[in-house]
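Okay, so here's the structure we're looking at.
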Amino acid sequence: MKTIRVVAAVIRSGNKIFATARGYGEFKGQWEFPGGKIESGETPEKALVREIKEELETDIKVGELIYTIEYDYPTFHLSMDCFWCEIIKGNLTLKEAEDARWLTKEHLYDVEWLPADLSLIEKIRIQME
């Protein structure tokens, strides 16, 4: 099975985190943390800065690694490094996602998360004040 390596930004502002709904593909409409594939020669952190700039026209500071998700989808294995991030500059303009929300700890389960992202939600909930 092919492994796809990706990164995800858990963008935090105060007591909220930013989530997006996929605007395309098999999982259209399901919720995830923004990010994308790591290109050849990139560190996960550099890939994340690039992806957020491309997808959301926003500059971020990549912080601590929260967790690396290993998840088997039917046609591929996903390895996703998930990092705490904060906005340096930009307004989180949706270029690929169809929707976005700022979620508090109490509302983390109000959206339909992608299967792989679900394993991260409880870890985030525990770390949110």
Filtering the stretch 109-129 down to residues that are part of a helix (DSSP H, G or I), surrounded by 15 or more Cβ atoms within 10 Å (Cβ to Cβ) and either β-branched (Val, Ile, Thr) or modelled with pLDDT of 95 or more (or both) yields 121, 124
Tally the residues that are open to solvent by 30 Å² or more (accessible area, probe 1.4 Å) and either within 18 Å of residue 120 (Cα to Cα) or in contact (Cβ under 8 Å) with a residue 40 or more places away in the chain (or both), restricting the search to the stretch 15-36. 8
Output the residues belonging to the stretch 37-51 that are open to solvent by 80 Å² or more (accessible area, probe 1.4 Å) and small (Gly, Ala, Ser). 40, 41
Any idea which residue in the stretch 52-72 is nearest to residue 21 (Cα to Cα), counting only those that are touching a residue at least 40 places away in the same chain (Cβ under 8 Å) and open to solvent by 20 Å² or more (accessible area, probe 1.4 Å)? 55
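Got a number for residues in the stretch 78-108 being in contact with a strand residue (DSSP E or B) (Cβ under 9 Å, 6 or more places away or on another chain) and over 19 Å from residue 47 (Cα atoms)?
Residues meeting the conditions: 11.
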On the basis of being more than 18 Å from residue 3 (Cβ to Cβ), part of a helix (DSSP H, G or I) and in contact (Cβ under 8 Å) with a residue 24 or more places away in the chain, does residue 95 make the cut? no
Which of (1) open to solvent by less than 30 Å² (accessible area, probe 1.4 Å); (2) over 18 Å from residue 53 (Cα atoms); (3) of a type outside the set (Val, Ile, Thr) is the odd one out, the single condition residue 85 does not satisfy? (2)
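The values are calculated or read from the model by the stated rules, or taken from the named source; none is laboratory data. Quick caveat: nothing in here was measured; it's all calculated off a predicted structure. Using ideal geometry, Cβ is built from the backbone for each residue, glycine included, and neighbour counts are taken over all protein chains shown. Surface accessibility is based on the protein's heavy atoms, side chains included, excluding ligands, DNA and RNA. Shrake-Rupley method; radii C 1.70, N 1.55, O 1.52, S 1.80 Å.
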